[in-house]
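K.L.:
Quick one: this structure, given as structure tokens, is what I'll be asking you about.
The values are calculated or read from the model by the stated rules, or taken from the named source; none is laboratory data. Note that this is a predicted model, so its numbers are computed, not measured. Glycine also receives a Cβ, built like all others from the backbone with ideal geometry; neighbour counts cover every protein chain displayed. For the accessible areas, the whole protein counts, side chains as well, though only heavy atoms, and no ligand, DNA or RNA atoms are used. Shrake-Rupley method; radii C 1.70, N 1.55, O 1.52, S 1.80 Å.
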Amino acid sequence: MKQPLINLVDITKSYDGDIVLDQLNLEIYENQFVTLLGPSGCGKTTTLRIIGGFETPDAGKVIFDGQDITHVPPHKRALNTVFQKYALFTHMNIGENIAFGLKIKGKSKAYIQDKIKYALKLVNLEGFEKRMPDSLSGGQQQRIAIARAIVNEPKVLLLDEPLGALDLKLRQDMQYELIRLKNELGITFIYVTHDQEEALTMSDNIVVMNQGYIQQMGTPEKIYNEPENAFVADFIGESNIIDGVMIKDRLVEILGAKFACVDEGFGNNRPVDVVIRPEDVDLVKPGEGTLEGVVTHIIFKGVHYEMEVMAGGFEWLVHSTDMFPVGTKVSIHVDPFDIQIMNKPESEDEEAVGVNE
């Protein structure tokens, strides 16, 4: 069986008595683009800093390529970090910035020149060697920071919210750049963000974190379509999260109406959380669906209309390319496959812990 490139084993970390990570276990495999995603204070940056060697865990081990590197300093690890603040040396030109790590390693001038050209070509900034950092835009500076990291040929590139300071259009361009770089270089990317769309766009695997625990890990499709608890469903995209009762396998009662679903194994007459994405709610003519309602609010979003529909005493969020004016009577239909059933957490603690229980 394939060994993970990075294995975090029972990592615990606290600051001033506050536990930030609590016995965290995480495996990352070679040539993956893994995103650590979660709200502020969930422990994602601390996890990245522990992998990079900038923080030491209170307990647990960091295994890299089969070796315990828990106490190995950052500069001796086969990885490089790109921070949100680009941290370019303002008194050096771009070529000198990129060459910095290679000079420390004592590489030859010819080797360094080749590497500078190669790195600038990779980030689409050929011919920028002599420019100074302050003459570049934010997006260009960020690309130089990435070039400086990749010339050292790290096995892993750690990226801590590197696109956070860029405007939306530039951020989207850089997302595609990073995916291209990862595919061309064949190195492992570990990326920290609180931006769900960014995580869904770029990742092979997403690790959703909250309050120091991993809530769910999986492909973007799995995380979006099959959230394991209400926190994940609510954090990744918009959702209708409704109290329901699992009457029996493949039949759930929502707001007094019975909906067919595909979930099994929840028992009979059990309270559950039901998650239905706004784009999976079909509005049909009155009487043709499962639950009757009325449109109370509408906003045009460009690609679709966002509507609120009061049905069964619940305000449903609906995304549709069809427009139903406010006041229109409608009926709600949801395909069985688009209804996600989840166990209700038994306590507040379990709500935070999610899948780590």
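K.L.:
For region 7-20, does any single residue satisfy the condition of being of a type in the set (Lys, Arg) and loosely packed, with under 15 Cβ neighbours inside 10 Å? So that I can check it myself, show each step before the final result.
P.N.:
Keep residues of region 7-20 that are of a type in the set (Lys, Arg), which gives 13.
Still in the list and also loosely packed, with under 15 Cβ neighbours inside 10 Å: none.
No: zero hits.
K.L.:
What residue, of Gln172, Gln141, is touching a helix residue (DSSP H, G or I) at 6+ places or on another chain (Cβ under 9 Å) and either closer than 23 Å to Ile6 by Cβ or surrounded by 16 or more Cβ atoms within 10 Å (Cβ to Cβ) (or both)?
P.N.:
The unique qualifying residue is Gln141.
K.L.:
If a residue must be at negative phi and open to solvent by 60 Å² or more (accessible area, probe 1.4 Å), how many such residues does region 120-134 contain? Please lay out each step first, then the result.
P.N.:
We begin by selecting, within region 120-134, every residue at negative phi; these are 120-123, 125-126, 128-134.
If we keep only those that are open to solvent by 60 Å² or more (accessible area, probe 1.4 Å) too, we end up with 121, 126, 130-132, 134.
Count: 6.
K.L.:
Can you tell me which residue within region 263-309, out of those that are assigned to a loop (DSSP other than H, G, I, E, B) and acidic (Asp, Glu), is surrounded by the most Cβ atoms within 10 Å (Cβ to Cβ)?
P.N.:
Across region 263-309, the extreme among qualifying residues is Asp263.
K.L.:
Let me ask another. Need pairs with beta-carbon distance below 6 Å; first residue within 15 Å of Leu158 (Cβ to Cβ) and open to solvent by less than 50 Å² (accessible area, probe 1.4 Å) and within region 43-63, second modelled with pLDDT under 95 and among the hydroxyl-bearing types (Ser, Thr, Tyr); sequence gap 6+ or separate chains.
P.N.:
If the second residue must be modelled with pLDDT under 95 and among the hydroxyl-bearing types (Ser, Thr, Tyr), the pairs left are Gly52/Thr81.
K.L.:
Every residue in region 206-254 that is open to solvent by 20 Å² or more (accessible area, probe 1.4 Å), over 22 Å from Glu292 (Cα atoms) and aliphatic (A, V, I, L, M), please.
P.N.:
Scanning region 206-254 gives Met217, Ala230.
K.L.:
For Gln84, state whether it is of a type in the set (S, T, N, Q) and over 26 Å from Thr56 (Cα atoms).
P.N.:
Criteria not met by Gln84.
K.L.:
Has region 104-127 got at least one residue that is assigned to a loop (DSSP other than H, G, I, E, B) and under 27 Å from the mean Cα position of the chain (by Cα)?
P.N.:
Among the residues of region 104-127, at least one is assigned to a loop (DSSP other than H, G, I, E, B) and under 27 Å from the mean Cα position of the chain (by Cα), which makes the answer yes.
K.L.:
Glu253 passes all but one of (1) among the charged types (D, E, K, R); (2) out of contact with any strand residue (DSSP E or B) (no Cβ under 7 Å at 6 or more places or on another chain); (3) free of Cβ contacts under 8 Å to residues at least 12 places away in the same chain; which number fails?
P.N.:
In the conditions (1) among the charged types (D, E, K, R); (2) out of contact with any strand residue (DSSP E or B) (no Cβ under 7 Å at 6 or more places or on another chain); (3) free of Cβ contacts under 8 Å to residues at least 12 places away in the same chain, Glu253 misses (2) alone.
K.L.:
Continuing with this model, one more query. Name every residue in region 151-169 that is open to solvent by less than 10 Å² (accessible area, probe 1.4 Å) and among the aliphatic types (A, V, I, L, M), in order of residue number.
P.N.:
Passing the criteria: Val151, Val156, Leu157, Leu158, Leu159, Leu163.
K.L.:
Taking region 144-169 on its own, how many of its residues are in contact (Cβ under 8 Å) with a residue 60 or more places away in the chain and out of contact with any helix residue (DSSP H, G or I) (no Cβ under 9 Å at 6 or more places or on another chain)?
P.N.:
Result for region 144-169: 2.
K.L.:
Please pick out the residue among Val303, Val281, Val262 that is modelled with pLDDT under 95 and more than 30 Å from Gln211 (Cβ to Cβ).
P.N.:
Unique residue meeting the criteria: Val303.
K.L.:
Continuing with this model, one more query. Checking His75 against (1) at pLDDT below 95; (2) over 20 Å from the mean Cα position of the chain (by Cα); (3) at negative phi; (4) in a loop (DSSP other than H, G, I, E, B): exactly one of these is not met. Which one?
P.N.:
(4)
K.L.:
Only residues that are open to solvent by less than 50 Å² (accessible area, probe 1.4 Å) and farther than 19 Å from Pro39 by Cβ: list them for region 175-197, please.
P.N.:
At the first step, the residues of region 175-197 found to be open to solvent by less than 50 Å² (accessible area, probe 1.4 Å) are 175, 177-179, 181-182, 185-193, 195.
Those that are open to solvent by less than 50 Å² (accessible area, probe 1.4 Å) and farther than 19 Å from Pro39 by Cβ: Gln175, Glu177, Leu178, Ile179, Leu181, Lys182, Leu185, Gly186, Ile187, Thr188, Phe189.
K.L.:
I would also like to ask the following. Every residue in region 14-42 that is touching a residue at least 60 places away in the same chain (Cβ under 8 Å) and either β-branched (Val, Ile, Thr) or over 19 Å from Gln216 (Cβ atoms) (or both), please.
P.N.:
Ile19, Val20, Ile28, Glu30, Asn31, Val34, Thr35
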